[in-house]
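Take a look at the structure set out below.
The values are calculated or read from the model by the stated rules, or taken from the named source; none is laboratory data. On a predicted model such as this, the values are computed, not experimentally measured, just so you know. As a convention, Cβ positions derive from the backbone with ideal geometry for all residues, glycine included, and neighbour counts pool all protein chains shown. These accessible areas exclude ligands, DNA and RNA; they are computed on the full protein's heavy atoms, side chains included. Shrake-Rupley method; radii C 1.70, N 1.55, O 1.52, S 1.80 Å.
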Amino acid sequence: MSQHEFDATAREASLRRARAAAQAGPHGHGLGRVGVLYGGRSAEREVSLMSGQGVHEALCSVGVDAHLFDTGTKSFADLEAAGFDRVFIALHGRYGEDGTLQGALELLGIPYTGSGPAASAIAMDKIMTKRIWLQHGLPTPEFAILDADTDLRRVPDDLGLPLIIKPPHEGSTVGITKVRGYSDMKDAYAEAARFDAEVLAEQFITGRELTVALLGGGRKARALPVIEIVAPDGNYDYEHKYFSDDTQYYCPADLPDAVAREVQRVSVEAYRALGCEGWGRADLMLDASQRVWLLEMNTSPGMTGHSLVPKAAQAAGMSYPELCVAILSEATCKVRSPARNT
């Protein structure tokens, strides 16, 4: 059997598994009427539209009764009236990935994919994320919190140059600047401050850029194969993430087995420390001494044609539709109602 024939056979087997899982559902009754929540009102709306369309097409291709629902143009009353049995959250950034939507879905009693309100809110806040990781003894670059009263000239003295400045509540490299000199600080701060009152300044780690997709939660959380990202001139910006074909991805990353296992272990521990579940993606750096550094956790990662979680799933033998069904099958409400005395 040729490699092409082997790959085609593997894809068909994955699609059969996806169809069977979609028909069975988590409790043997199918997945019901499914809403794919996409679009939204964040700075990442464009990416979310692409993610949602991809997820919707994949679910429909294996027989799921899936429907697109743009939270940027429709209300929660519309969402309640839509009669969804569960929803797949394909939203990125504010009002979709930050716990606000998750809280509303809890109140509406609609099971949803991914982490709950608290974990979503914490992971969306890069400052709080780093504080929790440090409390758990996990490696993350040194940082400083900047506001309008900060003496910007002193920040490079503490963190060194170059350094990274970014808004703590945005993703997809929105508002991020690599500061190479003291004279860059004012403009970099102003750019990030367009999005957040407090701004994160972070030590720059020179090394290999890695990402790890994660599935499940708690003791059952597991890491998919490690991906290495090689962007032109090391500039993995918005354009190179979602639109350019110049960025190269290596999955599995060319790492010694022991290093790859350590990257996956740290990623799983970081995911658990934040209370994440369902699925997510850890972004990391690997320096010249093979030390792992955690950068951030994404609780609703991209699902576009350039996105990383589908690439990792493919390397693990899961097709895009099978991945979508697996994530959707774990949709739940996370807030447990207290037992009432009778």
Exercise. Do you know which of the residues in segment 288-342 that are at pLDDT below 95 and β-branched (Val, Ile, Thr) is surrounded by the most Cβ atoms within 10 Å (Cβ to Cβ)?
Worked result: Thr304
For this session: Determine which single condition Thr113 fails, assuming it passes every other condition in (1) over 19 Å from Arg41 (Cβ atoms); (2) among the polar types (S, T, N, Q); (3) more than 21 Å from the chain's Cα centre (by Cα).
Result: (3)
Seminar exercise, completed: When segment 114-139 is checked residue by residue, the ones that are of a type outside the set (A, V, I, L, M), touching a residue at least 12 places away in the same chain (Cβ under 8 Å) and outside any helix (DSSP H, G or I) are Gly114, Ser115, Gly116, Asp125, His136, Pro139
Problem set entry | Flag if Ala190 is over 15 Å from the mean Cα position of the chain (by Cα), at pLDDT 95 or above and not assigned by the TED database to the domain that holds Asp98 | yes
Exercise. For Gly54, are the conditions met, namely being in a loop (DSSP other than H, G, I, E, B) and closer than 23 Å to Pro26 by Cβ?
Worked result: no
For this session: Would you mention how many residues in segment 85-105 are open to solvent by 20 Å² or more (accessible area, probe 1.4 Å) and touching a strand residue (DSSP E or B) at 6+ places or on another chain (Cβ under 9 Å)?
Result: 2
Problem set entry | Some residue of segment 221-232 being modelled with pLDDT of 95 or more, open to solvent by less than 30 Å² (accessible area, probe 1.4 Å) and farther than 22 Å from Thr304 by Cβ | yes
For this session: Take the residues in segment 172-187 that are open to solvent by 20 Å² or more (accessible area, probe 1.4 Å) and more than 20 Å from the chain's Cα centre (by Cα), then tell me which one is farthest from Glu296 (Cα to Cα).
Result: Ser183
For this session: Please determine, by comparing only the residues of segment 192-220 that are of a type in the set (Asp, Glu) and surrounded by 17 or more Cβ atoms within 10 Å (Cβ to Cβ), which one is farthest from Thr140 (Cα to Cα).
Result: Asp196
Seminar exercise, completed: Reported set for segment 62-84 where residues are among the acidic types (Asp, Glu), surrounded by fewer than 16 Cβ atoms within 10 Å (Cβ to Cβ) and touching a strand residue (DSSP E or B) at 6+ places or on another chain (Cβ under 9 Å) is Asp65, Asp78
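Here is a yes/no grid of residues against (1) touching a residue at least 60 places away in the same chain (Cβ under 8 Å); (2) closer than 16 Å to Pro156 by Cα:
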residue	(1), (2)
Ala193	no, no
Glu202	yes, yes
Leu210	yes, no
Ala213	yes, no
Gly218	no, no
Ala221	no, no
Pro225	yes, no
Exercise. Which condition does Ala270 not pass, out of (1) crowded, with 24+ Cβ neighbours inside 10 Å; (2) among the aliphatic types (A, V, I, L, M); (3) modelled with pLDDT under 95, if it passes all the others?
Worked result: (3)
Problem set entry | Leading residue by the ranking (farthest from Gly96 (Cα to Cα)) among those in segment 166-192 that are of a type in the set (Asp, Glu) and outside any loop (DSSP other than H, G, I, E, B) | Asp184
For this session: Keeping to segment 274-299, report how many residues are farther than 16 Å from Leu224 by Cα and in contact (Cβ under 8 Å) with a residue 24 or more places away in the chain.
Result: 13
For this session: Could you tell me whether any residue of segment 163-174 is of a type in the set (A, V, I, L, M) and at pLDDT below 95?
Result: yes
For this session: Only residues in segment 153-178 that are over 28 Å from Arg45 (Cα atoms) and without any contact (Cβ under 8 Å) to a residue 60 or more places away in the chain count as the first member; pair them with residues that are open to solvent by 40 Å² or more (accessible area, probe 1.4 Å) and assigned to a helix (DSSP H, G or I), Cβ under 6 angstrom, at least 6 apart or cross-chain, and list the lot.
Result: Pro156/Tyr182
Problem set entry | Qualifying residues in segment 138-171 (those that are of a type in the set (Lys, Arg) and over 29 Å from Thr299 (Cβ atoms)) - the one least open to solvent (accessible area, probe 1.4 Å) | Arg154
Exercise. List, please: which pairs have Cβ atoms under 8 Å, are six or more places apart or on different chains, and start with a residue in segment 309-322 that is on the phi > 0 side of the Ramachandran plot and end with one that is assigned to a helix (DSSP H, G or I)?
Worked result: Gly317/Ala10; Gly317/Ser14
